[in-house]
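Written below as structure tokens is the structure these notes are about.
Each reported figure results from applying straightforward, stated rules to the coordinates on display, with no laboratory input. It should be emphasised that the depicted structure is a prediction, and the values quoted were computed from it without experimental measurement.
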Amino acid sequence: MMKENHYSKMTLHELIAQAKTVKTMISIFAGILLVLVFAAIFLSFRQGFYAVSILFIPVALFPIFFGMLNNLNNIQKEIKSRES
């Protein structure tokens, strides 16, 4: 069964606002992921190999990041289909 596209029910103005919100969320989330990766690398050099296990946290969060990117792409496709 196909998933219903709820973006088709939104107005163009709502889609643009949603895209802006998702872009902001992606930027913040990417910043958090970078901080986590650098913290894990720093701690692994500073405290030894067991701190590398902290690296699994940002790796585990990457699917959420890619899901947000996919969401943004779907919104942008809907905006383009309305503008053309």
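Across the range 10-23, in residue order, what do the Karplus-derived ³J(HN,Hα) couplings come to in whole Hz, using 6.51 cos²θ - 1.76 cosθ + 1.60 with θ = phi - 60° and x for Gly and Pro?
8, 6, 4, 4, 5, 5, 5, 5, 5, 4, 5, 5, 5, 4
Hey, of (1) 1.59; (2) 1.50; (3) 1.07, which did the structure itself give for Cα Rg over 2.2 N^0.38 Å when calculated?
(2)
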